[in-house]
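Next up is a structure, given as structure tokens.
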Amino acid sequence: MSPEDRFAELVDAFAGQPAVSAPGEGRGFGSAALRVQGKIFAMLAGGRLVVKLPEARVDELVGAGEGRRFDANKAKPMKEWLSVDPTSALPWPALAQEARAHVADASLGRTAERPSAGLTPRTRTGRGSSLGA
């Protein structure tokens, strides 16, 4: 399945959730992004899922080799944005849900609790935590 098809499935999955808006018409940064309360939480950029997560969570996932910091082609990586590696086995719906919760809570001045089920980075050997648990 192509990254575009996977993202279209995400859009469908989030359609109708409270305060979530689907990508709109137009061009430019964020025009093809999922938003909660008007703020971007997930988008497709360069064929990669890009999600907004707490800085510590991005550090954890980058350190585990699951992706890299997103830089929006400005050569300066953003602290809270993860560009998921195409070979990562992390489930896109769970990452997007985690990002939605983070962005929604941040807009309300709260810190989101990170879910643990299914999102623990895999170890270099592929053993350790379960990705589908």
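Report yes if ALA96 is among the aliphatic types (A, V, I, L, M) and either over 14 Å from ALA33 (Cβ atoms) or free of Cβ contacts under 8 Å to residues at least 24 places away in the same chain (or both), otherwise no.
No, not satisfied.
Suppose we filter segment 73-109 for residues that are under 12 Å from VAL51 (Cα atoms), among the small types (Gly, Ala, Ser) and not in a helix (DSSP H, G or I); how many remain?
So the count comes out to 1.
Next question. Would you check if VAL20 is at negative phi, under 14 Å from the mean Cα position of the chain (by Cα), among the aliphatic types (A, V, I, L, M) and surrounded by 13 or more Cβ atoms within 10 Å (Cβ to Cβ)?
Spelling it out, it is not the case that VAL20 is at negative phi, under 14 Å from the mean Cα position of the chain (by Cα), among the aliphatic types (A, V, I, L, M) and surrounded by 13 or more Cβ atoms within 10 Å (Cβ to Cβ).
Counting only residues that are touching a Pro at 6+ places or on another chain (Cβ under 8 Å) and among the small types (Gly, Ala, Ser), which one in segment 29-62 is nearest to LEU90 (Cα to Cα)?
The selected residue is GLY47.
Is segment 63-71 home to any residue that is within 11 Å of the chain's Cα centre (by Cα) and either part of a loop (DSSP other than H, G, I, E, B) or among the polar types (S, T, N, Q) (or both)?
Looking through segment 63-71, at least one residue is within 11 Å of the chain's Cα centre (by Cα) and either part of a loop (DSSP other than H, G, I, E, B) or among the polar types (S, T, N, Q) (or both).
Which of the residues spanning segment 31-62 are surrounded by fewer than 17 Cβ atoms within 10 Å (Cβ to Cβ), touching a residue at least 24 places away in the same chain (Cβ under 8 Å) and in a helix (DSSP H, G or I)?
Within segment 31-62, just GLU55 meets the criteria.
ARG57: at pLDDT 95 or above and on the phi < 0 side of the Ramachandran plot, yes or no?
Here the answer is yes, as ARG57 does meet what is asked.
The values are calculated or read from the model by the stated rules, or taken from the named source; none is laboratory data. All figures in this text were calculated on a predicted structure; none of them were measured in a lab. Using ideal geometry, Cβ is built from the backbone for each residue, glycine included, and neighbour counts are taken over all protein chains shown.
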